[in-house]
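Heads up: the structure comes next, in structure tokens.
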Amino acid sequence: MRTMLTSWRRPVRQAVASDMPLRFDSSAAATLSTADELTCMRPAFVRSLSSQFEVELLAARLSPVLLDDHSVAIFSLAEHVGGDQADELERRVLASGYRLSNPARYILAAPLLLAVARSQITPQSLASNPPLRFEQSRTALAEAFQDLLEWGLRHDASDIHLNVRLNEPESEVKYTVSGRYLAPDRFRRMPTTTLVDMLSVAWMDIRGGNGAVFDPYIEQQGSLVKQVDGQSIMLRWASLAADDGPSVCLRLLRRDTGACLPGLKQLGYLADQIAVIDRVMLSEGGVVVMAGTVGSGKSTSLASLISRLPAHRKIITLEEPVEYLIPASIQNSVARNLNAVAHQSYASKLRALKRSAMTDVLLGEIRDVETGQAFMDLAGSGVNVYTTVHAPSAAHIPLRLASDFIGISADFLATPGILKLMVFQALLPVLCQQCALPASALQNQDRSFASQPQSGRQWGVWLDLVRELYACSGESWRIRNPDGCDACRKDRLPELNGYAGRTVVAEINEPPGGLHQQRPAMACAMHKAGEGLIDLRDIEIRFHAFETQQARRALQNDDTMSTTRLRMVT
Ligand SMILES: [Zn+2]
């Protein structure tokens, strides 16, 4: 296991060491590669002084330690041993009246350093057996990973992004919170080696993953379950072997049971939309397709929809992996990773599914030919099917399903009764009702809006344009207060000041011949802006500029006029 953690870290180290300007001669540093070497070092290791020197935040890179001759050594990652922070730490050690050991600095591998700095390794524990000692450094990395995870959950993040830069000493940890891609201060400047070791340890718990070990040079996927505050959290792991190093995206799935699933109204669906959904769900057979972009909450809505089905229906799910625990349903996680065995197991699962006399099937995401065939197979057999697809609007759903990537025949999709309902949804930030400002505040030359290039006068023109487009006075429109208030301010995430959660804006299409007239999702968003819930500027960001809307409308009017003229001529 130790070999696994260190084997491909070496190229990183070499690249780093050659690039760094060094004042301290790194060759003067001693190396402690293993817990055994730490045990044998003389003078002997006593304890970490990280908390005494208040440098716990540096623990992943540097730690001052007390030795049994009362001297102090600095334990460090290889790439920090000659750095400014080590120099500064050395000055502080001397200023506190300690003597430096000889050698003064030691290079340790990330897991060992973390375990020392977090006082998980002590002279007593070093006297115990070696496997246990390695277990402790592994524990330190697992704890650091847990820390990343807990921060994400506390801030309601949907994803954690670990962007490893193999050729740089530090890498990036970002989170998606309320749909925004943010880098919290707390995880700035994460040592690359620590991050890679942490990912290696985390990968050990992966289920249904491709590869026995975390490999930065290939794309990997899988899932793992972690416990946080008694809550079960599933992480869906997807890595991209990018040019600079692996970019690992971890989707956080709170496996709450259906009792905690929000209802459609709570999610943000409007009363008339819920009425259409309820009516269509009554009919037997056919497919409900939920579309949206990545992170648009479509799986949540679908789970919420299915949890409303009456108890006399037999519901089976086939997901990759199961995202929400839906009460009274029989759920199946399938891994369809890039190998043949996984494909066979998907096919055999599907065959077994068809013999289980169910009435309703939740079929993960339709994204390739294999899932496309499962879609045709099940929809053609007369059961109720619920599924998701990536598409930019409800109207694009049939086009996407019939695309070469998925390959469902257009004739099949056009068969009456196959496509029952097509829903598109997006998530938009909701304004904090305690501190939102009237939209007219944009016209004041307020310094809070100085970051935006438009002048107050230009905002005035823009507001007039929106008023004209939607033929309303816009008196109830409001905008985000960038200063926030006590109710909405988030710890060190000023980008989210003035917001309080997100809401669904949806459009619902019944196929041709259906009763429901389409209302675009952007119109739904404008409806909510009219209630003072959404900032108009967020609507532009999510859909398109109001100016574009105006141009499109003008084009449509032109078309109508020329068609009329043509009729008059003929
Ligand atoms: Zn507020």
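The values are calculated or read from the model by the stated rules, or taken from the named source; none is laboratory data. Computed from a predicted model, the values in this text were never measured in an experiment. No Cβ is skipped: glycine too gets one built from the backbone with ideal geometry, and neighbour counts run over all protein chains shown.
Annotations
- Any hit, the range 446-465, residues being assigned to a loop (DSSP other than H, G, I, E, B), away from the ligand (no atom under 16 Å from the Cβ), modelled with pLDDT of 90 or more and not assigned by TED's automatic domain parsing to the domain that holds R186: no
- A379 buried (at least 21 other Cβ atoms within 10 Å of the Cβ), in contact with a strand residue (DSSP E or B) (Cβ under 8 Å, 6 or more places away or on another chain) and small (G, A, S): yes
- Qualifying position, being at pLDDT 90 or above, of a type in the set (S, T, Y) and farther than 18 Å from P169 by Cβ, among S63, S51, S71: S71
- Close pairs (7 angstrom Cβ cut-off, 6 or more residues apart or separate chains): in contact (Cβ under 8 Å) with a residue 12 or more places away in the chain and outside any strand (DSSP E or B) in the range 479-493, more than 9 Å from the ligand (Cβ to nearest atom) and of a type in the set (A, V, I, L, M) anywhere: N481/L437; K490/L496; L493/V177; L493/L182
- The single residue among A523, A500 that is surrounded by fewer than 21 Cβ atoms within 10 Å (Cβ to Cβ), in a strand (DSSP E or B) and at pLDDT below 95 turns out to be A500.
Residues checked against (1) within 16 Å of the ligand (Cβ to nearest atom); (2) of a type in the set (G, A, S):
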position	(1), (2)
A426	no, yes
Q433	yes, no
I479	yes, no
A487	yes, yes
D491	yes, no
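- Within the range 493-510, tally of residues that are out of contact with any His (no Cβ under 7 Å at 6 or more places or on another chain), among the hydrophobic types (A, V, I, L, M, F, W, C) and more than 16 Å from the ligand (Cβ to nearest atom): 3
- Boolean, L250 is buried (at least 21 other Cβ atoms within 10 Å of the Cβ) and of a type outside the set (D, E): yes
- Matching helices (runs of 4 or more DSSP H) fully within the range 246-333 where at least 2 residues are under 29 Å from L199 (Cβ atoms) and either in the same structural domain as A525 (by TED's automatic domain parsing) or at pLDDT 85 or above (or both): 298-306
- The set of residues from the range 207-245 being in a strand (DSSP E or B), of a type outside the set (S, T, Y) and buried (at least 17 other Cβ atoms within 10 Å of the Cβ) comprises Q221, G222, L224, K226, I233, M234, L235, R236, W237, G245.
- Contacts under 8 angstrom Cβ, first residue in the range 416-444 being outside the structural domain of V276 (by TED's automatic domain parsing) and hydroxyl-bearing (S, T, Y), partner away from the ligand (no atom under 16 Å from the Cβ) and in a helix (DSSP H, G or I), 6 or more apart: S440/L463
- Hits in the range 167-182 (condition: under 11 Å from S247 (Cβ atoms) and in contact (Cβ under 8 Å) with a residue 60 or more places away in the chain): S171
- Pairs with Cβ under 8 Å, 6+ apart, first in the range 516-540 and in contact (Cβ under 8 Å) with a residue 12 or more places away in the chain, second hydroxyl-bearing (S, T, Y) and surrounded by fewer than 17 Cβ atoms within 10 Å (Cβ to Cβ): G530/S476; E531/S476; G532/S476
- Matching option when the condition is more than 16 Å from the ligand (Cβ to nearest atom), within 21 Å of E547 (Cα to Cα) and without any contact (Cβ under 8 Å) to a residue 12 or more places away in the chain, among S473, S403: S473
- Search result, residues across the range 367-397 that are closer than 21 Å to G295 by Cα and touching a residue at least 60 places away in the same chain (Cβ under 8 Å): Y386, T387, T388, V389, H390, A391, P392, S393, A394, A395, H396, I397
- Taken together, the residues in the range 350-409 that are within 21 Å of P511 (Cβ to Cβ), among the small types (G, A, S) and in contact with an Asp or Glu (Cβ under 9 Å, 6 or more places away or on another chain) amount to 5.
- The number of residues in the range 263-276 that are of a type outside the set (A, V, I, L, M) and surrounded by fewer than 16 Cβ atoms within 10 Å (Cβ to Cβ) comes to 4.
- With a requirement of 2 or more residues that are within 37 Å of the chain's Cα centre (by Cα), closer than 13 Å to S137 by Cβ and touching a residue at least 12 places away in the same chain (Cβ under 8 Å), the helices (runs of 4 or more DSSP H) lying completely within the range 26-119 that satisfy it span 110-117.
- The set of residues from the range 139-166 being in a loop (DSSP other than H, G, I, E, B) and either over 15 Å from R492 (Cβ atoms) or without any contact (Cβ under 8 Å) to a residue 12 or more places away in the chain (or both) comprises V164, R165, L166.
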